[in-house]
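Okay, so here's the structure we're looking at.
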Amino acid sequence: MYFYQQILSFFLRIALGITLLIPVADRLGWIGMPGEKNISWGNWAIFVLYTHKLNPSVSEEVAGVLAILATLGEASFGILLVFGLFTRWAALGAGLLTGAFALAMTIELGYKAPINYSVWVDSAAGLLLATFYAHAYSIDNLIFERRSTIFF
């Protein structure tokens, strides 16, 4: 992998990780309250309602479980990507999870909703990142000694 590719894959990994973590902070109310500028949910209850809106065929209880699973997935994949640990698996999981979000948004809200929030791009980014063998500035490079010119 060329130096510029290593830097760009590092940028992609960090950007995707943060992109997964910010919505988690939003739904937990850590970055603002409902109705504030640039806040999508602002609390857990509103996020669960949104999850139910994307999955109308399930009960509210099941929507709550789906909300928990989605949040755990986003938080886990986001943290792993930021630190560069199990990067390929985290990127694949992030790509599949955001792909599922994009599909649900498209079906329930229309094609424009996932485009407005770049959810398809997030999915593609995760899937692309999962194809890279070595990841610059990552714990993976230190642990597994992948052949990259950039180690931590």
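Structure values in brief
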| item | result |
| --- | --- |
| Residue match in the stretch 95-108 (condition: assigned to a helix (DSSP H, G or I), farther than 19 Å from T131 by Cα, polar (S, T, N, Q) and touching a residue at least 12 places away in the same chain (Cβ under 8 Å)) | no |
| Number of the exception - M33 against (1) surrounded by fewer than 13 Cβ atoms within 10 Å (Cβ to Cβ); (2) not in a loop (DSSP other than H, G, I, E, B) | (2) |
| Residue match in the stretch 54-65 (condition: surrounded by fewer than 16 Cβ atoms within 10 Å (Cβ to Cβ) and under 17 Å from the mean Cα position of the chain (by Cα)) | no |
| Test for G78: is it of a type in the set (G, A, S), part of a helix (DSSP H, G or I), under 16 Å from I18 (Cα atoms) and at pLDDT 95 or above | yes |
| Subset of the stretch 1-30 (residues that are modelled with pLDDT under 95 and not in a helix (DSSP H, G or I)) | M1, Y2 |
| Contacts under 9 angstrom Cβ, first residue in the stretch 63-87 being among the charged types (D, E, K, R), partner assigned to a helix (DSSP H, G or I), 6 or more apart | E74/L20; E74/L21; E74/P23; E74/V24; E74/A94; E74/L97; E74/T98 |
| Pair list, Cβ under 8 Å, 6 or more apart: the stretch 42-59 residue within 15 Å of G32 (Cβ to Cβ), other residue at pLDDT 95 or above and aromatic (F, W, Y) | F47/W41 |
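The values are calculated or read from the model by the stated rules, or taken from the named source; none is laboratory data. Note that this is a predicted model, so its numbers are computed, not measured. With ideal geometry, Cβ positions are generated from the backbone for all residues, glycine too; neighbour counts draw on all protein chains shown.
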